Amino acid sequence: MLSASSLPEGGFLGYYAPIARPCGRIYITLTTLSLLGAVDKYSKDKLVDFMPRGLSQFVLDVVLIVLYVLAFILSMVVIPFEDLLFYSYKRVPNWWNFEPRNNGFSDRYVFLPYLPI
């Protein structure tokens, strides 16, 4: 089991940056297969008018398709970020340990005024 104390010195970035691209590819592949399976089930059920639970089966199929489409779209949006993490690690290992050259760089990434990065 992976605990917070067993993470590399970079924390989450140290753990995830080397495997970001392969994990993203695996996730997109699994999401695509799940979406195809949900659409296939929906089309087969609709083709033979299979509704053992009435309209609730149809609603469940549509909700599954919508959720898988949403997961697929969100995974496509995250691809540039994961590529940036992966290739930053490949170019300069332990890049997260370096201090920025000026404070303006860090100030742009402060999300809450009382929680500076």
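The numbers here are math on the coordinates, done by the rules we state, and not lab data. Given the structure is predicted, the values throughout are model-derived calculations rather than measurements. Ideal geometry is used to build each Cβ from the backbone, glycine not excepted, and the neighbour counts take in all protein chains shown.
Structural remarks
- Residue order for ASP83, ASP49, ASP40, ASP61, fewest other beta carbons within 10 angstrom first, comes to ASP49, ASP40, ASP83, ASP61.
- Which of ARG91, ARG25 has the fewest Cβ neighbours within 10 Å, and the rest in rising order: ARG91, ARG25
- This ranking places LEU13, LEU47 by how few other beta-carbon atoms lie within 10 Å of each, fewest first, which gives LEU47, LEU13.
- Proximal charge balance of ILE28 [Cβ under 14 Å; K/R count +1, D/E count -1]: 0
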